[in-house]
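**Student:** There's a structure below that I have some questions on.
The values are calculated or read from the model by the stated rules, or taken from the named source; none is laboratory data. Since we're looking at a predicted model, the values are computed, not measured. Neighbour counts are summed over all protein chains in view; Cβ atoms, including those assigned to glycine, are modelled from backbone coordinates with ideal geometry.
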Amino acid sequence: MNYHPRATSLHATRAVVASAWCVVLAGVALSFEHPLLLGAALAAVVLAAVGAQSGTVVARALAWALPFALAIAVINALVVRDGLTVIARLGSIPPLGQVDVTLEALSYGGVLGLRALVVIGCFALHSAVVDPDDLLRAFRRISYRSALTAVLATRLVPVLGRDARRLRDAQRCRPGPPASRLAIVRAVTAGALDRAVDVAATLEVRGYGAAGRPRSQPRPWSRHDFGFAASSLALAALAIAAALAGWEPFEAYPRTVVPVDAAVLGLATALLALSLAPFAERRGVGR
């Protein structure tokens, strides 16, 4: 977990709103294909990370994600046969057949890789600015013990990996064919949930699940909550309007067309402005 409380507008926002803002920004990136708009979304993520004093965390995540983005571009160029501009003829490759790399497939692979970078950056920012305990408390009215068990099971992922390796080693020591991967996953999952329930029981000392625990007063919405909630709604509305009105004139195949007109520039500017506007409010960020 990369969360550290800091005196920023995004940290001062309640966990549900901050989480929704990060998820909506990632969803907006998934709805666009124009490189300029994806670049604006990536810039919004980076600038938001700087504004939230989490630039190092997001930069580290983007650095790790860059090879995967390049791999996406290369794989798309190798497996997609669409496109008119052939830039390389690699001959016959047994798993793929005749491979002719087209400029259009390589370009669209770059678009997919850039989109993946934006999404990874959004969720790296999410892990850095959203308090997991506050997020868990927000969902306790839905299913308190189930939510706690699920969160604990997720945090025990490294332990689950070790359990799977030990179960596999134990199966190899037994005569007969080894167990299937599905059986290993089933055993590890059952053990994870059992362990999570046991760990949850120890949290009684913190008041989790205690009968008759006092109900806390609802936290009033702050200006930061309203700001980021409004930003989330505006970003979602912008993406929907762009899709319905056709404001994104981008074509990948058979020939890549990437026009940069007033509509695209206005859309990119609006995306940046709506994403970063809540950071302008600095009052009351201290905790």
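**Student:** Can you tell me how many residues in the stretch 241-250 are free of Cβ contacts under 8 Å to residues at least 24 places away in the same chain and assigned to a helix (DSSP H, G or I)?
**Tutor:** 3
**Student:** List every residue pair whose Cβ atoms sit under 6 Å apart, with the two residues 6 or more apart in sequence or on different chains, where the first one lies in the stretch 84-96 and is within 20 Å of Val257 (Cα to Cα) and the second, anywhere, is part of a strand (DSSP E or B).
**Tutor:** Partner pairs satisfying both residue conditions: Thr85/Thr102; Val86/Asp100; Val86/Thr102; Ile87/Val101.
**Student:** Please work out which residue is nearest to Ala18 (Cα to Cα), limiting yourself to the stretch 81-108 and to residues that are out of contact with any Leu (no Cβ under 9 Å at 6 or more places or on another chain) and buried (at least 16 other Cβ atoms within 10 Å of the Cβ).
**Tutor:** Among residues in the stretch 81-108 that are out of contact with any Leu (no Cβ under 9 Å at 6 or more places or on another chain) and buried (at least 16 other Cβ atoms within 10 Å of the Cβ), the one nearest to Ala18 (Cα to Cα) is Tyr108.
**Student:** Given the criteria touching a Gly at 6+ places or on another chain (Cβ under 8 Å) and touching a residue at least 40 places away in the same chain (Cβ under 8 Å), does Ala128 qualify?
**Tutor:** no
**Student:** Scan the stretch 43-53 residue by residue and report those that are at pLDDT below 90 and buried (at least 20 other Cβ atoms within 10 Å of the Cβ).
**Tutor:** Ala52
**Student:** Let me ask another. Only one residue in Ala12, Ala40, Ala77, Ala61 is closer than 25 Å to Arg223 by Cβ, surrounded by 20 or more Cβ atoms within 10 Å (Cβ to Cβ) and not basic (Lys, Arg), so which one is that?
**Tutor:** Ala12
**Student:** Please state which one of Arg181, Arg223, Arg283, Arg174 is under 30 Å from Val50 (Cβ atoms), at pLDDT below 75 and surrounded by fewer than 17 Cβ atoms within 10 Å (Cβ to Cβ).
**Tutor:** Arg283
**Student:** Looking at the stretch 35-64, I want the residues that are under 21 Å from Gly266 (Cβ atoms) and have a partner that is in a helix (DSSP H, G or I) and of a type in the set (Ser, Thr, Tyr) with Cβ atoms under 6 Å, at least 6 apart or on another chain. Which pairs are those?
**Tutor:** Ala44/Ser275
**Student:** Could you list, in sequence order, all residues of the stretch 89-112 that are out of contact with any Ser or Thr (no Cβ under 9 Å at 6 or more places or on another chain), outside any helix (DSSP H, G or I) and not charged (D, E, K, R)?
**Tutor:** Once the filter is applied, which keeps residues that are out of contact with any Ser or Thr (no Cβ under 9 Å at 6 or more places or on another chain), outside any helix (DSSP H, G or I) and not charged (D, E, K, R), the stretch 89-112 yields Leu90, Gly91, Ser92, Ile93, Pro94, Pro95, Leu96, Gly97, Val101.
**Student:** Next question. Return the residue satisfying two criteria in turn: it lies in the stretch 258-277 and is in a loop (DSSP other than H, G, I, E, B) and free of Cβ contacts under 8 Å to residues at least 24 places away in the same chain, and of such residues it is surrounded by the fewest Cβ atoms within 10 Å (Cβ to Cβ).
**Tutor:** Asp261
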